[in-house]
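Enquirer: This is the structure, below, for whatever I ask next.
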Amino acid sequence: MFKLLVMGLKIVLTPTTFLLIAAGTALGTVFGAMPGVSAAMAVALCLPFAYAMNPVVAIAFMSSVYCAAITGGGITAILFKIPGTPSNAPTTFDGYPMAQRGEAGKALGYSLIASAIGGQLAALAMALVTPQLANIGLKFGPSELFAVAFLGLSVLSYLDSDKMVKTLISGLLGLFLACVGMDPMLGVPRFTWGNSTLLSGIEMIPIMIGLFAVTEVLKETKDRSKLEALDTKSGGKMSTVLPSFSELWKTKWTMLRSSTLGTIVGILPGAGATIASFLSYAIEKKVGKNAKALGTGIPDGIVASECANNAATAGSMVPLLSLGIPGGNAAAIMLTALVVKGVQLGPILMKTQPRYMAAVFGSMFVTNIIMVIVAMLIAKVFAKILGVPYYILGPVIIMLATIGSYALANNTGDVVLMATAGVIGYAFVKLGYNPAALVLGLVLGQMCESNFRRAYTLTNGNMKAVFARPITAVIVLICVAMLLTPLFKSLFQKKKD
């Protein structure tokens, strides 16, 4: 496998390829930091450039864009509580409170270093154990994928343990929204009420922009106390403060847990970085050394989210290259580009053309170093926005949110969805409900439903057979334990009191 490492570095460190990877890193970071532009959309926007490249260079370029976009999403998540990509949503839980205390630079430093380390560890694991991990991924059918999605949903019980009932209700509302649109099995419209916009379902990006960006503007319009302090302390001159080695060493177990989990989740087809980041944050809230302080603005929460989502980017490349199965939306776009160029992905690729695997490994290894420098420069630009008076900044955020929602499909219906989500999100905050739980339900709802129904159909309606598969049974039992633990813990605590 060290030959693979050397081969990958030889490919990416040639002058032309290195410059393209650096450009891809810069583009990915910028696109990722823009609300409404997901990592998959960032890869899609850079796709025309890849068509003119050699296939090996093209996969390295697109991998750098994908990896950097996930990191870029953490910048606005910390500075404005607006996650650039859905996988950065858990970063807002601790990153934004740190920014409110005037520690935005420190929060960004932890985010960038955690992203780099998570990506590096996952890239190393990808190079060392790809064949073995790919074989595990092959064993995942519809019932196992349903169990993985359900595992992601079980995180709901840990997002806000003080308001668990309201958090679960928020998640259930997200699941309901995921049912809007065309039935995935029968192809008939559901809950559309004759609205053509809803036929394609509730788009995640407008909802996420509304729940985070518009809601935050509405909150700050009414109560300026929090951002006023941030504006005064930063004055738009904030600098990213990288943590010292001793500070990083305190989060070593969080990094290791999150990177491992992110790599494994990334390998599972369709799971992706969003499940990885939410699941990692939930586990940290359960077993972490500073579990009780999570959500108040501590580095562990940022590290858990950013390590996991960046590790998942490398993990998603494993089934793409070794099996020809994309591990997520961005990987599916890369698959399309490579197929157009005549590349046949699958088990034989590892033996006949290992340069593709080497190029991905090398590009991610180099990207995770370059993006720290690039993101620090871009964060400085975004930080200048903090010095802008809010009567200007608020409308600008709303304008960018509107553009991001409309650009998704050039549809004004998505703008209406965004505005509606903003109003609902504001009501959620005031009533104590959890917008992040709604987003999680919406993201995982369709995956959960479609895979369960496929598994049910394949077993001819035998519910026992759906859950009797060993991997499915183990994951579902873990899910049940995660959902019931907070309830029993609360009951035991009351009995003890």
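Computed from the coordinates by the stated procedures, all read-outs in this text should not be read as laboratory data. Everything numeric in this text was worked out from a predicted model, so none of it was measured. Cβ coordinates were reconstructed from backbone atoms using ideal geometry, including for glycine residues, and neighbour counts include every protein chain displayed.
Enquirer: Given a Förster distance of 45 angstrom, what is the FRET efficiency for Lys464 paired with Val423, based on the Cβ-Cβ distance and rounded to 0.05?
Expert: 0.50
Enquirer: Then there is this: Amide H to amide H, which residues 5 or more places from Arg190 or on other chains are under 5 Å from it, using H placed in the peptide plane?
Expert: For Arg190, whose amide H was placed from the backbone, the distant partners under 5 Å are Gly181, Met182, Asp183.
Enquirer: On a full-extension model of 0.36 nm per residue, what is the gain between Ser200 and Ser246, subtracting their alpha-carbon distance, rounded to one decimal in nm? Walk me through the numbers before you get to the answer.
Expert: Numbers: separation 46, 0.36 × 46 = 16.56 nm, distance 4.97 nm.
Separation in residues times 0.36 nm, less the Cα-Cα distance, equals 11.6 nm.
Enquirer: If each residue of separation counts as 0.36 nm, what is the full-extension length gain between Lys292 and Leu128 once their alpha-carbon separation is subtracted? Before the final figure, lay out the partial values.
Expert: Values: separation 164, 0.36 × 164 = 59.04 nm, distance 3.57 nm.
Gain on stretching Lys292 to Leu128: 55.5 nm.
Enquirer: Moving on. What full-extension length gain, to one decimal in nm, is calculated for Arg453 and Leu256 as 0.36 nm per residue of separation minus the Cα-Cα distance?
Expert: Values: separation 197, 0.36 × 197 = 70.92 nm, distance 3.51 nm.
Going from the current span to full extension adds 67.4 nm.
Enquirer: Which of the residue pairs Lys163/Lys285; Lys166/Lys219; Lys3/Lys252 have a Cα-Cα distance greater than 23 Å in the structure shown?
Expert: Lys3/Lys252
Enquirer: Run the quick spin-label model on Leu186 and Leu19: label points 7 Å from Cα toward the beta carbon, then report their separation in nm to one decimal.
Expert: 5.8 nm
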